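Structure, as C-alpha coordinates:
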Amino acid sequence: MLVEDDAYLREGLLDLLSREGYLPDAAADLAEAREKLKQASYRLAILDVMLPDGTGVQLCEQMRQQGDDTPILMLTACDEEFQIVRGLDAGADDYVTKPFKLQELLSRVRALLRRGGGTVMGSGGIVIDRSHMTVSKDGETLFVTPTEFQILSLLLSAKGNTVTRAMLLEKIWDADGNFIDDNTLSVHISRLREKIGAAHIVTVRGFGYRWEA
(Lines give C-alpha, C1' and ligand atoms only; values in the text may rest on other atoms or scores of the structure.)
Protein backbone atom coordinates (compact mmCIF):
# COMPACT_ATOMS: atom_id res chain seq x y z
CA MET A 1 0.00 0.00 0.00
CA LEU A 2 1.25 3.45 -1.00
CA VAL A 3 -0.02 6.46 0.97
CA GLU A 4 0.98 9.66 -0.83
CA ASP A 5 -1.03 12.87 -1.29
CA ASP A 6 0.98 14.19 -4.26
CA ALA A 7 -1.07 12.86 -7.21
CA TYR A 8 1.80 13.13 -9.70
CA LEU A 9 4.23 11.23 -7.48
CA ARG A 10 1.56 8.72 -6.45
CA GLU A 11 0.69 7.80 -10.02
CA GLY A 12 4.34 7.61 -10.98
CA LEU A 13 5.16 5.25 -8.12
CA LEU A 14 2.10 3.10 -8.87
CA ASP A 15 3.27 2.74 -12.46
CA LEU A 16 6.84 1.96 -11.36
CA LEU A 17 5.76 -0.70 -8.83
CA SER A 18 3.33 -2.29 -11.29
CA ARG A 19 6.02 -2.60 -13.92
CA GLU A 20 8.27 -4.26 -11.35
CA GLY A 21 5.64 -6.99 -10.90
CA TYR A 22 4.04 -5.76 -7.68
CA LEU A 23 0.31 -5.23 -7.05
CA PRO A 24 0.23 -1.73 -5.57
CA ASP A 25 -2.77 -0.11 -3.95
CA ALA A 26 -2.87 3.61 -3.18
CA ALA A 27 -4.44 6.10 -0.80
CA ALA A 28 -4.22 9.89 -0.85
CA ASP A 29 -4.73 10.53 2.87
CA LEU A 30 -5.01 8.88 6.28
CA ALA A 31 -8.77 8.32 6.12
CA GLU A 32 -8.54 6.44 2.84
CA ALA A 33 -5.55 4.42 4.04
CA ARG A 34 -7.38 3.37 7.22
CA GLU A 35 -10.36 2.17 5.19
CA LYS A 36 -8.10 0.12 2.94
CA LEU A 37 -6.40 -1.48 5.94
CA LYS A 38 -9.81 -2.68 7.13
CA GLN A 39 -10.50 -4.34 3.79
CA ALA A 40 -7.17 -5.91 2.81
CA SER A 41 -3.79 -7.07 4.07
CA TYR A 42 -0.54 -5.85 2.58
CA ARG A 43 3.02 -7.12 2.43
CA LEU A 44 4.47 -3.60 2.62
CA ALA A 45 3.29 -0.08 3.45
CA ILE A 46 4.96 2.99 1.96
CA LEU A 47 3.83 6.03 3.96
CA ASP A 48 4.41 9.69 3.20
CA VAL A 49 5.12 11.64 6.39
CA MET A 50 3.06 14.76 5.62
CA LEU A 51 -0.56 14.10 4.62
CA PRO A 52 -3.60 16.41 4.35
CA ASP A 53 -5.33 14.96 7.41
CA GLY A 54 -2.35 13.97 9.56
CA THR A 55 0.95 12.18 9.19
CA GLY A 56 2.25 8.81 8.10
CA VAL A 57 3.84 8.56 11.54
CA GLN A 58 0.35 8.51 13.10
CA LEU A 59 -0.72 5.70 10.78
CA CYS A 60 2.47 3.79 11.54
CA GLU A 61 1.83 4.09 15.28
CA GLN A 62 -1.76 2.94 14.84
CA MET A 63 -0.73 -0.10 12.81
CA ARG A 64 1.83 -1.15 15.40
CA GLN A 65 -0.60 -0.62 18.30
CA GLN A 66 -3.05 -2.95 16.54
CA GLY A 67 -0.40 -5.64 16.23
CA ASP A 68 0.17 -5.12 12.49
CA ASP A 69 3.78 -6.10 11.76
CA THR A 70 3.67 -5.20 8.05
CA PRO A 71 7.05 -3.73 7.00
CA ILE A 72 6.76 0.07 6.76
CA LEU A 73 8.86 2.39 4.60
CA MET A 74 8.51 6.11 5.34
CA LEU A 75 8.81 8.86 2.72
CA THR A 76 9.92 12.20 4.11
CA ALA A 77 10.31 15.47 2.22
CA CYS A 78 13.11 16.64 4.48
CA ASP A 79 16.26 15.11 5.89
CA GLU A 80 15.88 16.63 9.34
CA GLU A 81 16.90 14.12 11.96
CA PHE A 82 13.80 14.53 14.15
CA GLN A 83 11.49 13.44 11.29
CA ILE A 84 13.52 10.30 10.72
CA VAL A 85 13.71 9.51 14.43
CA ARG A 86 9.94 10.04 14.87
CA GLY A 87 9.19 7.54 12.13
CA LEU A 88 11.59 4.92 13.40
CA ASP A 89 10.39 5.35 16.99
CA ALA A 90 6.82 4.86 15.79
CA GLY A 91 7.77 1.46 14.39
CA ALA A 92 8.86 2.17 10.82
CA ASP A 93 11.42 -0.22 9.38
CA ASP A 94 13.18 2.17 6.98
CA TYR A 95 12.90 5.59 5.37
CA VAL A 96 13.72 7.35 2.09
CA THR A 97 14.25 11.10 1.82
CA LYS A 98 12.69 13.03 -1.06
CA PRO A 99 13.84 13.56 -3.72
CA PHE A 100 14.99 9.96 -4.07
CA LYS A 101 16.31 7.84 -6.92
CA LEU A 102 13.81 5.28 -8.17
CA GLN A 103 16.30 2.42 -8.03
CA GLU A 104 17.10 3.30 -4.42
CA LEU A 105 13.41 3.11 -3.53
CA LEU A 106 13.02 -0.25 -5.30
CA SER A 107 16.08 -1.58 -3.48
CA ARG A 108 14.56 -0.63 -0.11
CA VAL A 109 11.24 -2.20 -1.13
CA ARG A 110 12.90 -5.49 -2.10
CA ALA A 111 14.87 -5.58 1.14
CA LEU A 112 11.79 -5.04 3.30
CA LEU A 113 9.76 -7.62 1.39
CA ARG A 114 12.50 -10.20 1.91
CA ARG A 115 12.53 -9.36 5.61
CA GLY A 116 8.75 -9.49 5.87
CA GLY A 117 8.32 -12.97 4.40
CA GLY A 118 5.79 -13.83 1.77
CA THR A 119 3.43 -16.70 2.59
CA VAL A 120 -0.30 -16.07 2.77
CA MET A 121 -2.65 -18.85 3.89
CA GLY A 122 -6.05 -18.85 2.25
CA SER A 123 -9.06 -20.88 3.27
CA GLY A 124 -9.93 -24.15 1.58
CA GLY A 125 -6.39 -25.48 1.82
CA ILE A 126 -5.04 -22.91 -0.66
CA VAL A 127 -1.62 -21.45 0.17
CA ILE A 128 0.10 -18.79 -1.89
CA ASP A 129 3.77 -17.93 -1.40
CA ARG A 130 4.27 -14.48 -2.81
CA SER A 131 8.03 -14.63 -2.34
CA HIS A 132 8.36 -17.60 -4.68
CA MET A 133 5.19 -17.03 -6.76
CA THR A 134 3.83 -20.51 -5.96
CA VAL A 135 0.36 -21.84 -5.18
CA SER A 136 -0.53 -25.11 -3.47
CA LYS A 137 -3.78 -26.85 -2.64
CA ASP A 138 -3.87 -29.33 0.24
CA GLY A 139 -0.08 -29.51 0.10
CA GLU A 140 0.11 -30.17 -3.64
CA THR A 141 1.74 -27.52 -5.85
CA LEU A 142 -0.49 -26.15 -8.59
CA PHE A 143 0.63 -24.59 -11.85
CA VAL A 144 -0.83 -21.12 -12.32
CA THR A 145 0.11 -18.41 -14.78
CA PRO A 146 1.50 -15.08 -13.51
CA THR A 147 -1.84 -13.40 -14.27
CA GLU A 148 -3.79 -16.10 -12.40
CA PHE A 149 -1.39 -15.67 -9.49
CA GLN A 150 -2.09 -11.92 -9.41
CA ILE A 151 -5.85 -12.52 -9.41
CA LEU A 152 -5.62 -15.06 -6.61
CA SER A 153 -3.40 -12.75 -4.54
CA LEU A 154 -5.90 -9.91 -4.81
CA LEU A 155 -8.87 -12.11 -3.90
CA LEU A 156 -7.15 -13.62 -0.86
CA SER A 157 -5.87 -10.23 0.32
CA ALA A 158 -9.43 -8.88 0.27
CA LYS A 159 -10.31 -11.12 3.25
CA GLY A 160 -13.70 -12.18 1.90
CA ASN A 161 -14.68 -8.75 0.62
CA THR A 162 -15.77 -8.36 -2.99
CA VAL A 163 -13.10 -7.25 -5.46
CA THR A 164 -14.60 -5.34 -8.35
CA ARG A 165 -13.84 -6.20 -11.95
CA ALA A 166 -12.65 -2.62 -12.40
CA MET A 167 -10.10 -3.07 -9.60
CA LEU A 168 -8.84 -6.34 -11.07
CA LEU A 169 -8.51 -4.79 -14.52
CA GLU A 170 -6.67 -1.80 -13.07
CA LYS A 171 -4.20 -3.84 -11.01
CA ILE A 172 -3.45 -6.85 -13.21
CA TRP A 173 -0.92 -6.99 -16.04
CA ASP A 174 -0.16 -9.86 -18.38
CA ALA A 175 3.27 -11.48 -18.76
CA ASP A 176 4.33 -8.80 -21.29
CA GLY A 177 3.38 -5.91 -19.01
CA ASN A 178 0.15 -5.07 -20.85
CA PHE A 179 -3.24 -4.44 -19.27
CA ILE A 180 -5.73 -7.26 -19.80
CA ASP A 181 -9.24 -6.57 -21.09
CA ASP A 182 -12.59 -7.58 -19.63
CA ASN A 183 -13.03 -10.70 -21.75
CA THR A 184 -9.51 -11.92 -20.97
CA LEU A 185 -10.19 -11.45 -17.26
CA SER A 186 -13.21 -13.76 -17.53
CA VAL A 187 -11.07 -16.43 -19.19
CA HIS A 188 -8.45 -16.23 -16.43
CA ILE A 189 -11.11 -16.47 -13.72
CA SER A 190 -12.59 -19.55 -15.41
CA ARG A 191 -9.21 -21.29 -15.67
CA LEU A 192 -8.36 -20.42 -12.07
CA ARG A 193 -11.65 -21.93 -10.90
CA GLU A 194 -10.82 -25.17 -12.72
CA LYS A 195 -7.51 -25.39 -10.86
CA ILE A 196 -8.50 -24.46 -7.30
CA GLY A 197 -12.21 -25.31 -7.24
CA ALA A 198 -15.08 -23.26 -8.63
CA ALA A 199 -16.75 -22.76 -5.25
CA HIS A 200 -13.88 -20.62 -3.93
CA ILE A 201 -14.39 -17.74 -6.39
CA VAL A 202 -17.93 -16.44 -6.18
CA THR A 203 -19.30 -14.08 -8.82
CA VAL A 204 -21.07 -11.02 -7.44
CA ARG A 205 -23.18 -10.19 -10.46
CA GLY A 206 -22.65 -6.78 -11.94
CA PHE A 207 -19.85 -6.04 -9.50
CA GLY A 208 -16.93 -8.48 -9.22
CA TYR A 209 -15.69 -11.54 -7.34
CA ARG A 210 -15.32 -12.70 -3.75
CA TRP A 211 -13.18 -15.44 -2.16
CA GLU A 212 -15.21 -18.03 -0.23
CA ALA A 213 -14.15 -20.85 2.07
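The values are calculated or read from the model by the stated rules, or taken from the named source; none is laboratory data. Keep in mind that this is a model prediction, so the values were computed, not measured. Here the Cβ positions follow ideal geometry from the backbone for every residue, glycine too, while neighbour counts run over all protein chains shown. The protein model used for the area step is the full one, side chains on, heavy atoms only, and it has no ligands, DNA or RNA in it. Shrake-Rupley method; radii C 1.70, N 1.55, O 1.52, S 1.80 Å.
Note on region 139-174: among residues that are charged (D, E, K, R) and more than 17 Å from VAL187 (Cα to Cα), the one that is surrounded by the most Cβ atoms within 10 Å (Cβ to Cβ) is LYS159.
If I filter region 136-152 for residues that are assigned to a loop (DSSP other than H, G, I, E, B) and modelled with pLDDT under 85, do I get at least one hit? The answer is yes; a qualifying residue exists.
Once region 46-58 is narrowed to residues that are touching a strand residue (DSSP E or B) at 6+ places or on another chain (Cβ under 9 Å) and at pLDDT below 95, the residue that is most open to solvent (accessible area, probe 1.4 Å) is MET50. Exactly one residue out of VAL57, VAL3, VAL85, VAL49 is β-branched (Val, Ile, Thr) and closer than 25 Å to LEU152 by Cα, and it is VAL3. In region 193-213, the residues that are at negative phi and open to solvent by 40 Å² or more (accessible area, probe 1.4 Å) reach residues that are assigned to a helix (DSSP H, G or I) and of a type in the set (D, E, K, R) with C-beta atoms within less than 9 angstrom, at least six apart or across chains, in these pairs: LYS195/GLU148; ALA199/ARG193; PHE207/ARG165. Looking across region 20-42, the residues that are assigned to a helix (DSSP H, G or I) and open to solvent by less than 60 Å² (accessible area, probe 1.4 Å) come down to LEU30, ALA31, ALA33, LYS36, LEU37.
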